[in-house]
Amino acid sequence: MFFKNKAFIYFAIKLVVSIILVRWLINNVDGVSMVRTFRSFHWTTFVAAFVSLWCAYTLGAWRWKYILLKREFVPFRFMDSLLIVAIANFLNQGLPSSIGGDVYRGFALTRLGFSRNWAIQSLLLDRAFGLFFMGALGVVALFSFDVAFLNQKELFPMYLVLSAICVGFALFCQLDRLPVTGKLQRLVAPIQSMAAISRSLFQLSNIHFIFVGFALTIFLYLPVYLFARDLGYSLSLCAVLFVLPAVFLLASLPISFAGWGVREVAFVSLFKFFGLTSEQALSLSVAYGLVGLFSVTPGLLLYFFEGKPKTSVA
């Protein structure tokens, strides 16, 4: 019965990939050294990391609400947005569900009165802005490194990733200016509409939206920096800003369970350029993953005790 269920098979494959990758990493590091490294993390750092991630989630809920109300006005409270985001985060990271958090967010919006098309577009815009702010901070971080470090050939793929994110988003914001006619216009109209909204959000009147986007990203990254300090290693925040965009992109690939395994390989492979040993990088990744997993559990409680946002449209 289970093996005839495609969702179960897909989840099982992702889980196996995660287990294989984590197992391979563990076999290639000094287990005793890694345990000693992991024990150096103080419990207060886990608390601070949890708070930092929830600051990111809260700012993310505000950003999404701000995007939503740019085109359709529906009585939609900030607490509704935060509730939906909290539950969606849990579905994305905490459950072997075939219904992702974004799908839940889309259904929740239509239930509140938003059109289906705009619900989908708002999710795409929210993802696009999140990616842009990560890429932009990564580019800014480059100016803190010396030329000798930047000339390492192994880092060139990282430059390509950051460039592709920033240039790709800039081009996306101009798509509504392309002259399109005929049947093709109906096909690309939603994309051009999103492009126009994206560009409008970079006006001076929306400076608070831009500030929130950068602050959200920093809070999302901050736990890695805090855990590195517990290791007694002076890993700069700029190093974290430079590495994590590629890590997040790799971890978001639908080939493992909530990014486990892929994230650990990326941490070990990329943070070695900043002097971290495999044991230190792996410990950082595991600690970050555990905090991330624990931070989304409130979404489970909200799902069962709140059920759905209280706002409704007649």
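The values are calculated or read from the model by the stated rules, or taken from the named source; none is laboratory data. Predicted model, so just to flag it, every value in this text is computed and none were measured. FYI the Cβ positions are ideal-geometry reconstructions off the backbone, even for glycines, and counts take in every protein chain you see.
Structure values in brief
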item	result
Residue 221 among the aromatic types (Phe, Trp, Tyr) and either in contact with a strand residue (DSSP E or B) (Cβ under 6 Å, 6 or more places away or on another chain) or surrounded by fewer than 19 Cβ atoms within 10 Å (Cβ to Cβ) (or both)	no
Selection count, segment 136-152, where residues are part of a helix (DSSP H, G or I), more than 24 Å from residue 196 (Cβ to Cβ) and modelled with pLDDT of 90 or more	6
Top-ranked residue in segment 27-45 [being in contact with a Leu (Cβ under 8 Å, 6 or more places away or on another chain) and of a type in the set (Val, Ile, Thr); ranked as nearest to residue 231 (Cα to Cα)]	37
Matching residues in segment 151-173 - criterion: being in contact with a helix residue (DSSP H, G or I) (Cβ under 7 Å, 6 or more places away or on another chain), free of Cβ contacts under 8 Å to residues at least 40 places away in the same chain and over 20 Å from residue 220 (Cα atoms)	173
Segment 246-303, residues that are among the aliphatic types (A, V, I, L, M) and under 17 Å from residue 54 (Cβ atoms)	287, 290, 291, 293, 296, 300, 301, 302
Any hit, segment 127-144, residues being under 27 Å from residue 294 (Cβ atoms), of a type outside the set (S, T, N, Q), out of contact with any strand residue (DSSP E or B) (no Cβ under 8 Å at 6 or more places or on another chain) and surrounded by fewer than 14 Cβ atoms within 10 Å (Cβ to Cβ)	yes
Matching residues in segment 28-69 - criterion: being closer than 30 Å to residue 196 by Cβ and either among the polar types (S, T, N, Q) or modelled with pLDDT under 90 (or both)	58
Neighbours by Cβ (under 7 Å, 6+ apart or cross-chain): first from segment 25-36, closer than 12 Å to residue 280 by Cα; second small (Gly, Ala, Ser) and part of a helix (DSSP H, G or I)	29/278; 34/283
Pair list, Cβ < 7 Å and 6+ apart or interchain, from segment 232-251 residues that are within 18 Å of residue 283 (Cα to Cα) to residues that are outside any loop (DSSP other than H, G, I, E, B) and basic (Lys, Arg)	247/263; 251/263
Residue satisfying all of: in segment 254-266; buried (at least 22 other Cβ atoms within 10 Å of the Cβ) and small (Gly, Ala, Ser); farthest from residue 147 (Cα to Cα) among these	256
Residues of segment 257-266 that turn out to be in contact (Cβ under 8 Å) with a residue 24 or more places away in the chain and assigned to a helix (DSSP H, G or I), as a count	4
From the options 239, 246, 251, residue that is at pLDDT below 90, of a type outside the set (Val, Ile, Thr), farther than 26 Å from residue 69 by Cβ and crowded, with 20+ Cβ neighbours inside 10 Å	251
Of the criteria (1) of a type in the set (A, V, I, L, M, F, W, C); (2) buried (at least 17 other Cβ atoms within 10 Å of the Cβ); (3) out of contact with any Ser or Thr (no Cβ under 9 Å at 6 or more places or on another chain), which one residue 169 fails	(3)
Test set (1) crowded, with 16+ Cβ neighbours inside 10 Å; (2) under 20 Å from residue 92 (Cα atoms); (3) among the polar types (S, T, N, Q) - residue 269 fails condition number	(2)
